[in-house]
Amino acid sequence: MVRRLIPYLMVLLLGGLMLAGTAAYAQDRDAGRKVAGMCRTCHGLDGYAKIPIAPHIGGEPASYLAAQLQAFRSGVRKHEMMSVVAASLSDAQIDNVAAWYAGHAVAATVTEGEAPAACTACHGADGMSQAEDVPHLAGETNIYIDTQLKAFKRGKRRHEVMSDIAGRLDDTEIRMIADYYAAIEIEITQVD
Amino acid sequence: MKDFAPSLQFSIPNGPCFSADGFLYIAEQNRVLLFPAAEFFYESPDEAAFNLVAQGDLIPPEEESFNHTARVCDIGPDGMIYISLGQPFNVAPPDKLALYDKVGIGGIIRMNTDGTGREVYTYGVRNSVGHDFHPETGELWWTDNQVDGMGDDTPPGEINRQVAAGQHFGHPWYGGGSVRTADYKGEEVPVEVVMPIVETVAHAADLGMTFYTGSMFPEQYKNAIFSAQHGSWNRTEPIGARVMVTMIDEEGNASIEPFAEGWLDENGEYLGRPVDVKQLRDGSLLVSDDLAVSSYRIWYEG
């Protein structure tokens, strides 16, 4: 098990570094690490969340993280804690902290259940992002995923793809999807 | 640790409380379940569970949130169940206030233990995650978490003392203590507001609390409040992560001080984050911690 995991982690590690590397000339991960002092009580310094209401963000695509921080800052997306934090961030701080968290390596292990067909094209059967601006879902708290899907469904959160998909799900389907992805175990390896 | 009632699907089952006759109640995001024999069948898929408040009837489903939804409950000396309903915003917006007052969101509700007689007992709460009844007067005392984004040292956190049904404690016009919120600054406050009996240090996140009725601790702790500070999340210098004790003198004046600390290290890193304090039957204290995922027992040897 350990033996099999190591090459996988290394591949992801390289992938993560390359991902950070492609846009890295504009971003400063060391500066981002300092900004992460504002995030770590809830999200951890490595992006593994420390409280249930906070999502895991280690190894998330930088484009997704930056887009969410900008949305919280502008008021397009609202959350009682994140709106307060994002209000104080500059564009450079957003890019840097997004690069810090995006640069960590994350690996998922699926243990049970059947992947929900409506989600896998973008979020993977293992809950790993398959595209830019798409979050990982693996290991997030079921009520976090449930809350976000209901927010898309009810128009409290908007996205060109997600609003439509969530709008066609009923509350039972939403909970099944949330339980499936929440049950996947993730491991985040901090990359300094 | 055992998984309680594994066949049931829970949503944020933060608030358990027992009645004097041993019935367990669990307050969730939008349901309250009743377990008449919880301790006998807790591992069984056949655990007997009944709706005290059915799914979707605690609050309107479109008002459900994840944040500020750690509900707590307790059975009062009147035999009614009291349930806290945090409001989901940093500062509740004007267009929600009428609905919230009607439902009891941003408040504490109570009802009979057969589900009848529901009413809003407390108004003007931001997010209360701890309450207990004074062992002698029967008054409801409760903690409240106050507004973020106004600065490291303001507004204060709160412990409140409620002496009558329907009292209003100031949110959203007040952000904590007598500090007005920026959102409602300059507006006339349309309700009579009860100020907190204890102002706690800003952003420390005062959560669970319990009155001490045991005989293990020295006499001075009789009827004192033990309360948990979870610790700040975005204060420049973290503060909290400790158990506080509040002494109440004969005139009813209260003063608060740290009782147990050491969960916040010299680098500002949390080693643990206390959530709740309960008294065990022998008079020692049980403290829960959701970062270390542990419980601690604090006892006294005279």
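Observations, loosely collected:
- Each peptide in A:43-49, B:169-175 gets a packing score, the mean of other Cβ atoms within 10 Å over its residues, and the list from highest to lowest is B:169-175, A:43-49.
- Of the peptides B:57-68, A:165-176, the order by per-residue mean of other Cβ atoms within 10 Å, starting with the highest, comes out as B:57-68, A:165-176.
- Residue-averaged [θ]222 nm for chain A, counting only DSSP H segments that reach four residues, each worth -39500 (n - 2.57): -14500 deg cm²/dmol
- Share antiparallel - DSSP beta bridges, chain B, percent rounded to 5: 95 percent
- Potential lengthening between B:PHE40 and B:GLN220 on full extension [0.36 nm per residue; Cα-Cα distance subtracted]: 61.0 nm
- Going by neighbour counts of Cβ atoms within 10 Å, the residues A:CYS39, A:CYS119, B:CYS17 line up, fewest first, as B:CYS17, A:CYS119, A:CYS39.
- Legend: ranking of residues B:ASP206, B:ASP78, B:ASP101 from fewest to most surrounding C-beta atoms inside 10 Å; resulting order B:ASP78, B:ASP101, B:ASP206.
- If the chain linking B:ASN253 and B:ASP153 were pulled fully straight, counting 0.36 nm for each residue of separation and taking away their Cα-Cα distance, it would gain 33.7 nm.
- For chain B, taking Cα atoms only, Rg and Dmax work out to 18.8, 57 Å respectively.
- Shielding score for A:78-89, defined as the mean number of other chain Cβ atoms within 10 Å: 4
- Cα-projected label distance for A:ALA118 with A:ASP170, points at 7 Å along beta-carbon direction, nm: 1.1 nm
- Note on the protein assembly as shown: with charges restricted to the Cβ of Lys and Arg (+1) and Asp and Glu (-1), its dipole about the Cα centre is near 1000 debye.
- For the stretch B:191-298, the dipole from Cβ point charges (+1 on Lys and Arg, -1 on Asp and Glu) about the Cα centre works out to 400 debye, to the nearest 20.
- With each label modelled as a point 7 angstrom along the Cα→C-beta vector, the A:SER90-B:LEU8 pair spans 5.3 nm.
- Neighbouring Cβ atoms from other chains, within 10 Å of the Cβ of residues in B:66-79, number 2 on average.
- Extension gain from B:THR137 to B:ALA164, taking 0.36 nm per residue of separation minus the Cα-Cα distance: 8.5 nm
- Listed pairs A:LYS156/B:LYS185; A:LYS150/B:LYS185; A:LYS50/A:LYS153; A:LYS50/B:LYS96; B:LYS2/B:LYS278; A:LYS50/A:LYS78 exceeding 24 Å between Cα atoms: A:LYS156/B:LYS185; A:LYS150/B:LYS185; A:LYS50/A:LYS153; A:LYS50/B:LYS96
- MRE, 222 nm, helices only [DSSP H, n ≥ 4, -39500 (n - 2.57), over chain B, to nearest 500]: -1000 deg cm²/dmol
- When +1 charges are put on Lys and Arg Cβ atoms and -1 charges on Asp and Glu Cβ atoms, the dipole computed for chain B relative to its Cα centre reaches about 340 debye.
- The ranking of A:HIS79, A:HIS56, B:HIS134 by Cβ neighbour count inside 10 Å, starting from the fewest, reads B:HIS134, A:HIS79, A:HIS56.
- Charge context of B:MET216, other residues only, Cβ under 13 angstrom, K/R +1, D/E -1: 0
- Residue-count net charge about A:PRO61 - beta-carbon cut-off 11 Å; Lys, Arg +1, Asp, Glu -1: -3
- Positive contributions from Lys and Arg (+1) and negative ones from Asp and Glu (-1), summed over other residues with Cβ under 15 Å from the Cβ of B:GLY302, come out at -2.
- B:ASN267 versus B:ASP78: modelled label distance in nm, points set 7 Å from Cα along the beta carbon direction: 5.1 nm
- The calculated FRET efficiency for the pair B:GLN55 and B:SER178, based on their C-beta separation and a Förster distance of 35 Å, comes to about 0.35.
- Counts of other chain beta carbons within 10 angstrom of each beta carbon in peptide A:44-54 average 2.
- Placing a label point 7 Å from the Cα of B:LYS96 along the Cα-to-Cβ direction, the residues of the stretch B:147-174 with a backbone N closer than 16 Å are B:147-149, B:170-174.
- Listed residue (B:PHE211, B:ALA37, B:ILE197) projecting farthest to the positive dipole end of chain B, Cβ model: B:ALA37
- Inter-part distance where the stretch B:1-56 and the stretch B:147-218 are each reduced to a Cα centre, Å: 30 Å
We did not get these values from a lab; they are worked out from the coordinates using the rules stated. Please read these numbers as outputs of a predicted model, since none were measured by experiment. All Cβ positions, even for glycine, are placed from backbone atoms using ideal geometry, and neighbour counts span all protein chains on display.
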